[in-house]
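The values are calculated or read from the model by the stated rules, or taken from the named source; none is laboratory data. On a predicted model such as this, the values are computed, not experimentally measured, just so you know. Please note: Cβ atoms are built from the backbone with ideal geometry, for glycine as well, and neighbour counts cover all protein chains shown. Note: accessible area is taken over every heavy atom of the protein model, side chains too, but ligands, DNA and RNA are not part of it. Shrake-Rupley method; radii C 1.70, N 1.55, O 1.52, S 1.80 Å.
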Amino acid sequence: MKMVVLDGALLNPGDVSWAPLEELGELEIFAATAPADFASRAAGADVVLVNKTVIGPAEIPALAGCRLVGELATGSNNLDLAALAAAGIKVCNVPAYGADDVAQHALALLLELARGTALHSAGVTSGEWTRNGQWCYWKKTPLNLNGLTLGIVGFGGIGQALGRMATGLGMNILANSRRQRAQVDYAFKWADIDRIWREADAISLHCPLTVENAGLINEKSLAAMKPGVILINTARGGLVDEQAVAKALLSGQLGGFGADVMVSEPPAADNPLLNAPNVLLTPHMAWATVRARQKIIDIMADDIRAFLAGTPQNIIN
């Protein structure tokens, strides 16, 4: 069996092991694949593995003989699932590989926007405290999260993990999900999206990007939120109208915005969020711990093994 990884550089720059996949057959790994190289590199592969490489109708003819496409991630916005299904090609993904990792990153963004630790540390090391001359100073008043309400939009593994962490800080949790199912050991309340807009002091997005919720955060939803609310997005950039968020930050309607994802990655130099106040932006790296990246490879190997045994798992089309 021949397997090809079309964009493996970021998943494994050399600090995790491909061995679980290598044990299953011939494995060819490319750091990244331009559209023009897709056909030649995918040719003859039984299994094609991708992370962000796009596979749409134009790429389907190059997959003659391919039986399985593996998404080396949870989200699959880069794949035309219907076109692949019509071609008789199954698609599997890697769910729940790094729930704690992404939840911790979301919490780190929230804490920094609330407390300003990095902001003030930079001020101290640049000499601001020395020049100030007082025993204490602050550039931005810190916010105590205890007793505040966190609205979590998307209450799957990551959202539930964040809720557990935020509960430890004394926050109250409102959860919104398409399917109201949760296995947690802490108190929370289900809420419709309008209630979250009305009542949450901080909101964190953890839902998949769909046609229905693209631009979920827009001028209308932002206006419905509490003044000064903190918004966190570690899900998908397309959930957010970035121009509307920049405008809300300038007006003070949003007290802060932290994101690990953007509509265009990397962002254009003129993206309005790059110069907006009270913004924290990280380069889509919440998932990138060694443990999480190794788990992606391990789970994908299990997916392929199950597919070959006739008991496919994690099929998403």
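A few comments on the model shown:
- In the complete set of protein chains, residue-level accessible area for Ser17 is approximately 50 Å², probe 1.4 angstrom.
- Solvent-accessible heavy-atom area per residue, rounded to whole Å², over the chain at 1.4 Å: 47 Å²
- Calculated log₁₀ intensity ratio I(q)/I(0) where the Debye formula runs over C-alpha points of the chain, q = 0.09, 0.13 Å⁻¹: -0.53, -0.99
- Formal net charge of residues neighbouring Phe307 (Cβ-Cβ distance under 9 Å; K, R +1; D, E -1): +2
- Highest mobility in the GNM of the chain, judged by mean-square fluctuation with C-alpha springs under 10 Å and restricted to Glu71, Glu26, Glu219, is found for Glu26.
- Note on the chain: with a GNM built from Cα contacts shorter than 10 Å, the maximum mean-square fluctuation among Ala83, Ala96, Ala200 falls on Ala83.
- Ordering Gly8, Ala32, Gly170 by the projection of their Cα atoms onto the charge dipole of the chain, which places +1 on the Cβ of Lys and Arg and -1 on the Cβ of Asp and Glu, puts Gly170 at the extreme positive end.
- Computed magnitude of the charge dipole of the chain (debye, nearest 20; Cβ of K, R +1, Cβ of D, E -1): 920 debye
- Unsatisfied cross-links (Cα-Cα over 20 Å) in the set Lys52/Lys90; Lys52/Lys247; Lys140/Lys220: Lys52/Lys247; Lys140/Lys220
- Estimated FRET transfer efficiency (Arg179, Val124; beta-carbon r; R0 51 Å; 0.05): 0.65
- Overall, the accessible surface of the stretch 168-296 at a probe of 1.4 angstrom is composed of carbon and sulfur to the extent of 52 percent.
- On the stretch 65-141, 57 percent of the accessible area sits on carbon and sulfur atoms, based on a 1.4 Å probe.
- Selection from Leu109, Ala45, Ile89, by position along the positive dipole direction of the stretch 9-125 (Cβ): Leu109
- Each residue, Lys247 and Leu169, gets one label point 7 Å from its Cα in the Cβ direction; the gap between the two is 2.9 nm.
- Cβ-Cβ FRET estimate between Asn218 and Arg291, R0 fixed at 35 Å, reported to 0.05: 0.45
- Pairwise FRET efficiency - Glu23 versus Leu111, Cβ, R0 = 51 Å, nearest 0.05: 0.80
- Residue of Pro266, Pro20, Pro208 that the Gaussian network model of the chain assigns the largest fluctuation, springs spanning Cα pairs under 10 Å: Pro266
- Whole-number percent relative contact order across the chain, with pairs defined as alpha carbons under 8 Å at least 6 apart: 17 percent
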